[in-house]
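K.L.:
After the structure tokens below, expect a handful of questions from me.
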Amino acid sequence: MSDRSECAARAFSGGLNCAQAVAGAFAGDYGMDEAVVRKLACGFGGGLAHTDRTCGAVSGAVLVLGLARGTAVPGDREGKERCYALVREFLRRFGDRHGSVDCTALLGYDLSDPRSLDAAREVGVFSVRCTLYVRDAVEILEDILQGS
């Protein structure tokens, strides 16, 4: 495990959501204020705001890939495609490791259902599984960014 993945896991355990923990861990590398990045990532936690969608750790990683290798130039199709290829690589690796990139499939609880969300909290699924997903997202990102 890398130091960055452990820092991200601690940030998650300390009260940030999964997307904030992953994206925030890379903010300084790209000249971004960590608090601003955390704000940008806030709505992505819990499977897009507890709506039963993409894992927040995955969404946070996609934000980082955009910061690291994205383009802001209108009409830069090649730049977009290079970033998209890295995102697809991240999704493949995370999915291969965990069987999915979707929050409900990863947790076994539908966070869009308040009763299911409460049950997930009750059994501590976030502290066990999500901490692992945050660590793994950071490690996969580090590997992809080093190779691109």
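The values are calculated or read from the model by the stated rules, or taken from the named source; none is laboratory data. Every value quoted in this text rests on a predicted model; they were computed, and no experiment measured them. Note that we place each Cβ from the backbone using ideal geometry, even for glycine, and neighbour counts take in every protein chain shown. Each accessible area value is taken on the protein alone, full model and side chains, heavy atoms only, with ligands, DNA and RNA left out. Shrake-Rupley method; radii C 1.70, N 1.55, O 1.52, S 1.80 Å.
K.L.:
Can you tell me which condition residue 85 does not meet? The list is (1) modelled with pLDDT under 95; (2) closer than 21 Å to residue 144 by Cα, and all the others hold.
P.N.:
(1)
K.L.:
Related question: Here is a list: 90, 26, 12, 44. Which entry is in contact with a helix residue (DSSP H, G or I) (Cβ under 6 Å, 6 or more places away or on another chain) and over 25 Å from residue 109 (Cα atoms)?
P.N.:
26
K.L.:
Could you run through region 12-28 and say how many residues are free of Cβ contacts under 8 Å to residues at least 40 places away in the same chain and either open to solvent by 30 Å² or more (accessible area, probe 1.4 Å) or in a loop (DSSP other than H, G, I, E, B) (or both)?
P.N.:
5
K.L.:
Let me ask something else about it. Kindly provide the set of residues from region 29-40 that are open to solvent by 30 Å² or more (accessible area, probe 1.4 Å) and either polar (S, T, N, Q) or assigned to a helix (DSSP H, G or I) (or both), ordered by number.
P.N.:
Selection gives 29, 30, 34, 35, 36, 38, 39, 40.
K.L.:
Between 102, 76, which is within 19 Å of the chain's Cα centre (by Cα), of a type in the set (Asp, Glu), open to solvent by less than 90 Å² (accessible area, probe 1.4 Å) and modelled with pLDDT of 95 or more?
P.N.:
102
K.L.:
Right, another one. Can you name the number of the only condition in (1) out of contact with any Cys (no Cβ under 8 Å at 6 or more places or on another chain); (2) over 16 Å from residue 65 (Cβ atoms) that residue 111 fails?
P.N.:
Looking at each condition in turn, residue 111 falls short on (1).
K.L.:
Against the condition touching a residue at least 40 places away in the same chain (Cβ under 8 Å), open to solvent by 10 Å² or more (accessible area, probe 1.4 Å) and over 25 Å from residue 143 (Cβ atoms), how does residue 52 come out, does it pass?
P.N.:
For residue 52, the condition - touching a residue at least 40 places away in the same chain (Cβ under 8 Å), open to solvent by 10 Å² or more (accessible area, probe 1.4 Å) and over 25 Å from residue 143 (Cβ atoms) - is met.
K.L.:
Could I ask something else about it? Identify the single condition in (1) acidic (Asp, Glu); (2) in contact (Cβ under 8 Å) with a residue 24 or more places away in the chain; (3) over 16 Å from residue 143 (Cα atoms) that residue 81 does not satisfy, given that it satisfies every other one.
P.N.:
Exception for residue 81: condition (2).
Yes/no matrix, rows are residues, columns are (1) assigned to a helix (DSSP H, G or I); (2) in contact (Cβ under 8 Å) with a residue 40 or more places away in the chain; (3) surrounded by fewer than 19 Cβ atoms within 10 Å (Cβ to Cβ):
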| position | (1), (2), (3) |
| --- | --- |
| 64 | yes, yes, no |
| 72 | no, no, yes |
| 85 | yes, no, yes |
| 96 | yes, no, yes |
| 109 | no, no, no |
| 122 | yes, no, yes |
| 126 | yes, no, no |
| 130 | yes, yes, no |
